[in-house]
Amino acid sequence: TKLVVEHKDRLARFGVNYIEILCNHIGCELVVLNQTLNDKEDLIQDFVSVITSFCARLYGQRRTKRKTEKIIKELCCEKEEKVE
């Protein structure tokens, strides 16, 4: 009947208000122990969370691309060695 979290960002990166509405609709109470002081601070935290998430995704794509290029290079070297 209660969902207890320490900080809103531990529940979701953004959109916690939607989760709170859903909880109220199904009869569950959302309890956030460390509340933000004002809406401006909450909005800034949401913005930072979104930017952090996108940056992590971009860095992940770069890492995946480097891994793929390394594998292709290794496969090409193995193929050349077999031909010789």
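Just a few scattered comments:
- In plain terms, the bigger the Kirkwood radius, the slower the diffusion; for the chain, with that radius from Cα pairs, at 20 °C and 1.002 mPa s, Stokes-Einstein puts D at 130 µm²/s.
- Size of charge dipole - the chain - debye, nearest 20, with Cβ of Lys, Arg +1 and Asp, Glu -1, no other charges: 340
- Between ARG10 and CYS55, the simple spin-label model (points 7 angstrom out along Cα→Cβ) gives 2.3 nm.
- Here the Karplus relation 6.51 cos²θ - 1.76 cosθ + 1.60, evaluated at θ = phi - 60°, turns the backbone of segment 14-27 into coupling constants of 8, x, 4, 4, 5, 5, 5, 4, 4, 4, 4, 5, 9, x Hz, with x for every Gly and Pro.
- Residue of GLU20, GLU29, GLU74 that the Gaussian network model of the chain assigns the largest fluctuation, springs spanning Cα pairs under 10 Å: GLU74
- Mean shadow area of segment 1-40, taken as a quarter of the surface of its Cα convex hull (nm²): 2.8
- The candidates THR1, THR68, arranged from most to least accessible area with a 1.4 Å probe in the full protein assembly, appear as THR1, THR68.
The values are calculated or read from the model by the stated rules, or taken from the named source; none is laboratory data. What you are looking at is a predicted structure, and each value in this text was computed from that prediction instead of being measured. Note that each Cβ is placed from the backbone with ideal geometry, even for glycine, and that neighbours are counted across all protein chains shown. Just the protein is used for accessible areas: all its heavy atoms, side chains included, with ligands, DNA and RNA removed. Shrake-Rupley method; radii C 1.70, N 1.55, O 1.52, S 1.80 Å.
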